[in-house]
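Below: one structure, written as structure tokens.
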């Protein structure tokens, strides 16, 4: 069964650079946008609006394609090449512009880290596999948020200031707040985890 859960966020591993002439910005100056044609992806290609050849739409905060496409068809991910992947994220996770002048698309802009930034990501995977001569279809959906500044981690679980569980720790400063899984052959259906705190993506 070629199935994977909780993918590492592919775009978070990609670097971005911008022409040196526009890298230094003072407060109040215009941000460097994708429309400027100056922002470059890690492979040196110009980031454009709309979907690129790999399935990223940085302007729209979207990815739609294959799992291996999210990693530029890396050799190590070939066992998962048949997995479909959709990602959505907000501006705090990774922006579509450079406003702080560091030459990269902004992440948790004006925050020292993702903690308390309000960043969130959704990840939707789907695929199929063969079992006993039968085609088994599966899908998996997860919501991940950057925890609030007053959150506390205890034994792998994030809790808010009132002691209410936010969700399991993932990638250090983030928590899983919802997981939905369906697998026709494994007998798995519906919600597998729901944060007792809340599952909405706003106001984190």
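Overview of values
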{"read-out": "Filter pass, residue 162 being in a loop (DSSP other than H, G, I, E, B), out of contact with any strand residue (DSSP E or B) (no Cβ under 9 Å at 6 or more places or on another chain), farther than 30 Å from residue 38 by Cα and without any contact (Cβ under 8 Å) to a residue 12 or more places away in the chain", "value": "yes"}
{"read-out": "Conditions (1) surrounded by 12 or more Cβ atoms within 10 Å (Cβ to Cβ); (2) at pLDDT 95 or above; number of the one not met by residue 150", "value": "(1)"}
{"read-out": "Flag if residue 193 is surrounded by 15 or more Cβ atoms within 10 Å (Cβ to Cβ), without any contact (Cβ under 8 Å) to a residue 12 or more places away in the chain, more than 18 Å from residue 85 (Cβ to Cβ) and in contact with a strand residue (DSSP E or B) (Cβ under 8 Å, 6 or more places away or on another chain)", "value": "no"}
{"read-out": "Considering residues of region 165-186 that are in contact (Cβ under 8 Å) with a residue 40 or more places away in the chain and in a strand (DSSP E or B) only, the residue farthest from residue 125 (Cα to Cα)", "value": "174"}
{"read-out": "Checking residue 83 against (1) in contact with a strand residue (DSSP E or B) (Cβ under 7 Å, 6 or more places away or on another chain); (2) surrounded by 18 or more Cβ atoms within 10 Å (Cβ to Cβ); (3) modelled with pLDDT under 95, the condition it does not meet", "value": "(3)"}
{"read-out": "Condition broken by residue 184, with the remaining ones in (1) more than 27 Å from residue 82 (Cα to Cα); (2) modelled with pLDDT under 95 satisfied", "value": "(1)"}
{"read-out": "Residue match in region 31-40 (condition: surrounded by 14 or more Cβ atoms within 10 Å (Cβ to Cβ), in a strand (DSSP E or B), at pLDDT 90 or above and in contact with a helix residue (DSSP H, G or I) (Cβ under 7 Å, 6 or more places away or on another chain))", "value": "yes"}
{"read-out": "Entirely in region 54-144, the strands (runs of 3 or more DSSP E) that have 2 or more residues that are in contact (Cβ under 8 Å) with a residue 40 or more places away in the chain", "value": "84-89, 120-131"}
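Quick grid of which residues meet (1) modelled with pLDDT of 95 or more; (2) within 20 Å of residue 33 (Cβ to Cβ); (3) buried (at least 16 other Cβ atoms within 10 Å of the Cβ):
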{"residue": "98", "(1), (2), (3)": "no, yes, yes"}
{"residue": "104", "(1), (2), (3)": "no, yes, yes"}
{"residue": "109", "(1), (2), (3)": "no, yes, yes"}
{"residue": "115", "(1), (2), (3)": "yes, no, yes"}
{"residue": "123", "(1), (2), (3)": "yes, no, yes"}
{"residue": "127", "(1), (2), (3)": "yes, no, yes"}
{"residue": "135", "(1), (2), (3)": "yes, no, no"}
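The values are calculated or read from the model by the stated rules, or taken from the named source; none is laboratory data. Please read all numbers here as calculations on a predicted model, not as lab measurements. For neighbour counting, all protein chains shown are included, and Cβ atoms are generated from backbone atoms with ideal geometry for every residue, glycine included.
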